[in-house]
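Chemist: I have a structure here, written as structure tokens, and I will follow up with some questions on it.
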Amino acid sequence: MTGEIAAILAMDGIASGAIYVLIGLGLVLIFAVTRVIFVPFGDIAAFTALTLASLETGGRPGTVGLVAVLAVLATAVEATALVRNRAFHRLPRTLLFYLVLPLLPAAAVWFAAGTTFSMPVRIGLALALVLPIAPLLDRIVFRPIADASVLLLLTVAVALHFALSGLGLMFFGPEGVRTKSLTDAVFDVGGLIVNGQTVLILAASIVFCGLLFLYFEFTIQGKALRATAINRIGARLVGIRPTSTGTIAYLLASLLAGISGVLIAPVTTIFYDSGFLLGLKAFVGAIIGAMVSYPVTALGAVMVGLLESYTSFWLSAYKEVLVFSLLIPVLLWRSLSFSGSEEEEAEE
Amino acid sequence: MTRLQFHLVAAVGVLLLALAPALLSPFSITLLNFIGIYALAVLGLVLLSGIGGMLSFGQAAFVGIAAYATAWLTVKAGYSPWIGLVVGVVLTGLVAAVLGAVTLRLGGHFLSLSTIAWGLATYFLFGNVPMLGQYNGISEIPPISIGGHALASSNSIYYLIWIFVIVSLVLSANLLDSREGRAVRALRGGQVMTESLGINPFRVKLITFVIAALLSALSGWLYAHMSRFVSPAPFDVSVGILYLLMAMVGGMGYLSGAIVGAAVVTLLKNSIQDWLPVISPGASGQLEVIVFSVLFILLLQRARAGIVPFALRWLPRVQPAPPRAAGSLEHRQQPERGQPILSVAGATRRFGGLLAVDKVSFEVKAGEILGLIGPNGAGKTTMFNLITGALPLNQGKISFLGQDISHRAQRQIARAGIARTFQHVKLRKTMTLLDTVLLGTYGRTQSGFFAGVLRLDRAEEARAQTEAMRQLQRVGLADRAFELAGNLPLGNQRLLEIARALAADPALLMLDEPAAGLRSGEKADLAHLLEALRAEGLSVLLVEHDMDFVMGLVDRTVVMDFGAKLCEGTPAVVRSDPRVQEAYLGGVA
């Protein structure tokens with residue numbers, strides 16, 4: 001391997017690592033606030049890419065149908081709960097938040113089918129379409145069992161992933177997509193050709209990490225999220241509602257996943273089920289950060305990207321095998337540094 | 001239902017299974033074959049996840065390792081399928097032993113995450129190794145043949161599959177009803193309790209993990225030679241989830257749940273394949289996945305118990321086998337009365353900046369009851385945990401019967417002859433009282449997994465049961481021996497813990513607030529029991545808040561306050577000590 005190839009591989013690795021960073025941060029955010037290890041998180045990124053590709057050709061993306069189904073389900077679940085508690089006065093609000101708001105972008109895209117939008121509008125629409133998916137899933141699937149053990153929530157999340165991949169195939173079809181590149185710029189850094197796309201990925205990753213930091217550090221809502229993550233009961237006692245912080249966490253995280261989907265779509269061919277591996281690789285990064293530390297997660301995600309990039313050069317067929325095998329020593333290292341904290345799991 | 005009736009019902013079931021090929025269509029037999037093959041893997045999962053509490057998403061990988069091993073050996077190397085069985089089982093066992101040794105120290109959801117990791121890694125390995133045919137797999141696998149007769153049709157392999165299933169089921173049931181099996185059942189819900197009984201939870205977990213993998217291996221071997229073709233897809237994590245679904249539908253904690261769950265899900269899968277094309281032509285594949293995933297989520301949300309426990313409520317209960325009369329287990333020779341058996345010298349424990357126990361020294365003499373008292377936060381429970389090894393010492397030395405136990409593991413301390421109870425009762429709610437107390441005899445008995453599975457342990461088991469019944473008698477719970485521990489009121493649960501501790505035949509019994517939650521009559525009974533034990537030469541260390549209870553019972557007390565020892569002596573001496581009065585009542589103005 002020459003120095004040049006090493007540099008190119010490093011660049012590739014950092015670029016895919018930067019994408020895992022965004023997804024990994026989202027995973028940590030959701031886990032910290034809701035204790036759900038949201039396995040289908042990568043699917044959100046993949047669905048964004050598929051939506052964007054469909055908007056490019058002026059089609060009606062499958063996301064419209066998916067969001068519609070989920071919105072109706074979530075509304076039904078919420079309305080049943082309200083009727084059961086005789087809280088009829090909250091029904092209009094429910095309709096607004098669970099039905100009307102999620103369906104607005106979907107309706108807009110549905111009726112505008114055939115028109116081609118400019119790139120920024122397409123990206124905005126794709127993100128707006130995808131954003132409600134995770135919060136709606138939260139309402140339907142996780143909120144009824146919010147107090148269950150982490151293990152049970154994880155099992156549900158894994159099952160949910162398979163449901164979503166089935167739905168993905170139904171709504172998006174089996175074809176892979178690749179969108180137009182966001183920029184054609186090419187830079188020459190000391191004899192090394194650097195793609196504009198790579199620079200964009202890195203820049204976006206850094207900017208959103210920064211924004212997330214500012215949000216947590218300087219806004220009251222961000223602090224409420226952190227408070228919920230540290231101690232749910234304590235947060236409740238000071239008037240923070242775990243359900244609403246949960247929704248905010250899902251929305252924010254979905255935004256991160258959506259952006260990573262937009263960034264990855266021009267670089268890799270994305271299929272309806274590409275999200276699983278995407279999410280799991282980001283997840284390896286998140287585990288390195290012990291599911292709590294944002295900076296270590298970012299570092300871990302970049303490491304995964306690099307590992308993947310170099311192994312694809314030497315042992316391309318075993319890339320996946322190696323990345324997932326890496327998770328085991330990482331888990332071990334993590335469990336050693338946390339010895340005792342898992343003791344006394346509740347008996348079910 | 002008597003046990004005889006139960007055996008008759010089981011025999012009728014086996015007979016019906018044996019007659020099935022004559023009564024059912026070949027297609028139904030094929031379905032039954034699949035049910036049997038799934039049931040084997042699910043049986044392992046029930047043992048591992050439902051009973052042992054280690055939730056695995058990766059069981060399909062073990063099925064795959066054995067299936068690929070036998071496929072490669074028979075197709076590429078030309079060996080007999082029986083060689084494939086041996087190699088497949090051994091290879092799977094080895095892989096499981098290595099994976100288990102590496103990952104089973106992980107707790108809770110981390111362990112389950114690691115099963116996803118190796119499950120996926122194995123799947124990608126199958127898909128990329130050229131020798132294993134990559135994603136095309138290996139085809140033209142020969143059928144199994146017995147004495148020159150090839151089991152090529154589904155009717156002929158049917159018997160082999162179901163013999164495997166029934167034998168595995170019986171052996172697994174044997175296991176659960178043995179010494180090591182009780183340890184497996186005690187794994188769920190924390191290690192402190194199992195360690196305190198002298199059980200090595202890691203070893204028990206590892207062996208359970210390997211047994212589950214071996215059951216998967218049998219399933220994989222049968223699968224490869226029945227379908228005559230292997231490819232990576234049936235061994236993916238998504239199939240691992242399907243196995244979990246089967247286990248959950250059947251009932252995670254019940255061996256028979258494996259067969260019920262495998263049957264229900266397989267039949268459901270089959271009817272979905274019949275109906276979905278009618279409802280939605282051209283979309284049946286993904287609809288199947290969606291239906292199963294949604295079903296799984298709904299089950300997890302609303303009906304985690306499964307079918308078997310639900311059905312058991314309506315079926316007559318099988319009478320438990322009464323304990324056989326047998327000689328008792330050997331008893332230890334208690335040390336001579338008055339001799340020091342436990343000595344704590346300068347024990348110190350810090351939590352960050354807090355000195356929870358500060359250079360505490362005291363002795364317990366053989367045949368006495370020593371009370372350890374002190375106001376809330378005095379460090380009594382920490383002291384308790386230091387002696388039993390639940391917490392490591394920072395400084396100081398603890399010796400027991402002349403041996404230094406300062407840095408021994410909990411289970412070694414337990415084996416040395418210290419038995420304990422817990423302030424917050426630690427029982428397994430779904431175990432009977434008898435089984436709970438039998439757990440206490442773990443350190444005094446030897447039968448291993450192998451003996452348990454093959455019922456070579458019956459003589460020792462009978463003696464252990466006699467001993468357990470004796471201890472239950474002693475605490476007044478013998479007439480409820482076959483009730484579930486979770487159904488007892490708190491006071492009785494405390495007594496049950498004492499019976500379990502006594503079943504370990506300790507030299508020193510350590511009780512952490514045994515009188516808490518007891519009514520006054522029960523307290524008097526407990527005091528009588530402890531006095532009787534003292535008369536037999538047993539030494540008791542008691543942490544207790546109830547002063548009437550302590551002062552009327554103990555020979556001496558040690559008083560702790562703010563982590564340090566305040567004073568020690570007979571109840572009368574301690575009661576009149578002004579420092580003790582100040583610690584409890586505040587200074588006299």
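No value in this document is a laboratory result; all are computed from the given coordinates. The structure displayed is predicted, hence computed values, not measured ones. We place every Cβ from the backbone using ideal geometry, glycine too, and count neighbours over all the protein chains shown.
Chemist: Shielding by partners for B:299-305, please: the mean number of other protein chain Cβ atoms within 10 Å of each residue's Cβ.
Modeler: Averaged over the peptide's residues, the number is 4.
Chemist: Relative to the first principal axis of the alpha-carbon coordinates of chain B, what is the inclination of helix B:284-302, with its axis defined by its Cα atoms, in degrees from 0 to 90 and to the nearest 10?
Modeler: Long axis of B:284-302 versus the principal axis of chain B: about 20 degrees.
Chemist: Also, quick follow-up: Please identify the DSSP H helices in chain A that span no less than 27 Å along the helix axis (Cα) and have a mean Kyte-Doolittle hydropathy of -1.0 or more.
Modeler: Both cut-offs are met by A:3-34, A:63-84, A:150-172, A:196-218, A:242-264, A:294-314, A:319-337.
Chemist: Grab the eigenvalues of the alpha-carbon gyration tensor for the range B:284-385, scale each by 5, take roots, and send me the semi-axes largest first in whole angstrom. Intermediate results must be reported in sequence, preceding the final value.
Modeler: On the way: eigenvalues 570, 191, 31 Å².
Working through the eigenvalues yields semi-axes of 53, 31, 12 Å.
Chemist: Please report, in cubic angstrom per residue, the volume enclosed by the convex hull of the alpha-carbon atoms of the range A:71-124.
Modeler: 72
Chemist: Quick check of the Kirkwood formula: for the range B:457-589, what is the inverse mean of 1/r over all pairs of different Cα atoms, in Å?
Modeler: Over the range B:457-589, the inverse of the mean reciprocal pair distance is 16.7 Å.
Chemist: Here's a follow-up. Give the average, rounded to an integer, of partner chain Cβ atoms located within 10 angstrom of each Cβ in A:313-326.
Modeler: Whole-number average of other-chain Cβ neighbours for A:313-326 is 4.
Chemist: For B:Lys359, what residues show an amide H to amide H distance below 5 Å, using hydrogens built from the backbone and excluding near sequence neighbours?
Modeler: B:Thr348, B:Arg349
Chemist: Still on this model: Under 5 Å between amide hydrogens, which residues at least 5 positions from B:Arg420 or on another chain qualify, with H placed 1.01 Å from N in the peptide plane?
Modeler: Under 5 Å from the amide H of B:Arg420: B:Met510.
Chemist: A further question follows. Run through the range B:141-216 and list the chymotrypsin sites (Phe, Trp or Tyr not before Pro) located in a DSSP loop whose Cβ has at most 15 other Cβ atoms within 10 Å.
Modeler: none
Chemist: About the Cα centre, and with charges only on the beta carbon of Lys, Arg (+1) and Asp, Glu (-1), how big is the dipole of the range A:181-270? Nearest 20 debye, please.
Modeler: That gives the range A:181-270 a dipole magnitude of about 700 debye.
Chemist: In cubic angstrom, how much convex hull volume per residue do the alpha carbon atoms of the range B:422-488 span?
Modeler: 104
Chemist: Could you give the length gained by full extension between A:Val72 and A:Phe216, i.e. 0.36 nm per residue of separation minus their alpha carbon distance, to one decimal place?
Modeler: Stretched out fully, the A:Val72 to A:Phe216 stretch lengthens by 48.6 nm.
Chemist: How far apart, in nm, are the 7 Å Cα→Cβ label points at B:Leu19 and B:Val318?
Modeler: My value for the distance between the label points is 2.2 nm.
Chemist: Now for a different question. Taking only Cα atoms, what is the 0 to 90° angle, nearest 10, from helix B:81-103's long axis to the longest principal axis of chain B?
Modeler: Approximately 40 degrees, to the nearest ten.
Chemist: How high is the relative contact order of chain B, in percent, with contacts defined as C-alpha pairs under 8 Å that are six or more residues apart?
Modeler: Reported as a whole number, the value is 17 percent.
Chemist: Please give every one of the aspartates and glutamates within straight-line cross-link reach of B:Lys205, meaning a C-alpha to C-alpha distance under 17 Å, and leave out same-chain neighbours fewer than 8 residues apart.
Modeler: Counting by Cα, and skipping residues close in sequence, B:Lys205 has these aspartates and glutamates nearby: A:Glu342, A:Glu343, A:Glu344, A:Glu345, A:Glu347, B:Asp177, B:Glu180, B:Glu195.
Chemist: On to the next question. In cubic angstrom, how much convex hull volume per residue do the alpha carbon atoms of the range A:217-327 span?
Modeler: Numbers: hull volume 13.7 nm³, N = 111.
Hull volume over Cα atoms, normalised by residue count, gives 124 Å³.
Chemist: For a paramagnetic label modelled at 7 Å from the Cα of B:Leu401 toward its Cβ, which residues of the range B:478-504 fall within the zone defined by backbone nitrogen distances under 15 Å?
Modeler: Answer for the range B:478-504: B:502-504.
Chemist: Find how many whole Å separate the alpha carbon centroid of the range A:94-115 from the alpha carbon centroid of the range B:535-565.
Modeler: Result: 71 Å between the Cα centres.
Chemist: Over the Cα atoms of the range B:516-589, what Rg and Dmax result, in angstrom?
Modeler: So, for the range B:516-589, Rg and Dmax equal 13.8, 46 Å respectively.
Chemist: Still on this structure, I have one more. Using all Cα-Cα distances in the range B:104-257, what percent lands in each 10 angstrom bin from 0 up to the longest?
Modeler: Taking all Cα pairs of the range B:104-257, the binned fractions are 9, 29, 34, 21, 7, 1 percent.
Chemist: Continuing with the same structure: For the protein assembly as shown, what are Rg and Dmax over the alpha carbons, in angstrom?
Modeler: For the protein assembly as shown, the Cα-based Rg and Dmax read 31.3, 99 Å.
Chemist: What residues of the range B:383-404 lie in the reach of a label at B:Ser343, counting those whose backbone N is under 15 Å from a point 7 Å from the Cα along Cα→Cβ?
Modeler: B:396-404
Chemist: Compute the acute angle (0 to 90°) between the alpha-carbon long axis of helix B:108-128 and the principal axis of greatest extent of the alpha-carbon atoms of chain B; round to the nearest 10°.
Modeler: 30
Chemist: Could you work out how much longer the chain between B:Lys359 and B:Cys567 gets when fully extended? Use 0.36 nm per residue separation minus the Cα distance between them, nm to one decimal.
Modeler: Length gained between B:Lys359 and B:Cys567: 73.6 nm.
Chemist: Would you work out the relative contact order for chain A, in percent, from Cα pairs under 8 angstrom that are 6 or more residues apart?
Modeler: Details: 504 pairs, mean separation 127.7, N = 348.
So the answer I get is 37 percent.
Chemist: Ignore the peptide's own chain and count Cβ atoms of other chains within 10 Å of each Cβ in A:142-153; give me the average, rounded.
Modeler: Per-residue shielding by partner chains comes out at 3.
Chemist: So what is the calculated 222 nm ellipticity per residue for chain B, using -39500 (n - 2.57) for each DSSP H run with n of 4 or more, over all residues, to the nearest 500 deg cm²/dmol?
Modeler: Numbers: 23 runs with 324 residues, N = 589.
Here the helix-only value at 222 nm equals -18000 deg cm²/dmol.
Chemist: Using the 2.2 N^0.38 Å rule of thumb for compact globular proteins, work out how the range B:364-432 stacks up: its C-alpha Rg over that value, please.
Modeler: 1.24
Chemist: Now, a different point. Quick one: putting +1 on the C-beta of Lys and Arg, -1 on the C-beta of Asp and Glu, what dipole do you get for the protein assembly as shown around its Cα centre, in Debye to the nearest 20? Spell out each step's value before the answer.
Modeler: Numbers: 66 positive and 56 negative charges, 214 e Å.
Rounded to the nearest 20 debye, it is 1020 debye.
Chemist: B:Gly251's amide H: which non-local residues (gap 5+, or another chain) put their own amide H closer than 5 Å, with H modeled 1.01 Å from N in plane and none for Pro or chain starts?
Modeler: When sequence neighbours closer than 5 places are left aside, the close amide H contacts are B:Ile307, B:Val308.
Chemist: On to the next question. What would the Debye equation give as log₁₀ I(q)/I(0) for chain B at q = 0.08 Å⁻¹, counting only Cα atoms as equal point scatterers?
Modeler: Treating every Cα as an identical point scatterer, log10 I(q)/I(0) equals -0.65.
Chemist: Moving to a separate point now. Kirkwood Rh over alpha-carbon pairs of the range B:19-178, then Stokes-Einstein at 10 °C and 1.306 mPa s: what D in µm² s⁻¹, rounded to an integer?
Modeler: On the way: Rh = 17.4 Å.
It diffuses with D of about 91 µm²/s by this estimate.
Chemist: Here is a further query. Taking the mean number of other Cβ atoms within 10 Å as a proxy for protection, how do you rank B:192-198, B:496-502 from highest to lowest?
Modeler: Packing proxy ranking, top to bottom: B:496-502, B:192-198.
Chemist: Where Rh is the Kirkwood radius over the Cα pairs of chain A, the temperature 25 °C and the viscosity 0.890 mPa s, what D in µm²/s does Stokes-Einstein return?
Modeler: Once the numbers are plugged in, D ends up at 117 µm²/s.
Chemist: Next question. Going highest first, how would you order A:170-179, B:386-395 by mean Cβ packing within 10 Å?
Modeler: Peptide ranking by packing, descending: B:386-395, A:170-179.
Chemist: Something else now. Provide the descending list of Cα extents for the range A:95-167 along its principal axes, expressed in whole angstroms.
Modeler: Here the spans come out as 47, 27, 20 Å, largest first.
Chemist: Listed highest first by mean packing, meaning other Cβ atoms within 10 Å per residue, what order do A:82-94, A:216-228 come in?
Modeler: Output ranking for A:82-94, A:216-228: A:216-228, A:82-94.
Chemist: DSSP beta bridges in chain B, what fraction antiparallel, as a percent rounded to 5?
Modeler: Beta bridges within chain B, antiparallel portion: roughly 60 percent.
Chemist: Hey, how much of the P(r) for the range B:340-395 falls beyond 18 Å, as a percent of Cα pairs?
Modeler: Here the tail beyond 18 Å accounts for 30 percent of pairs.
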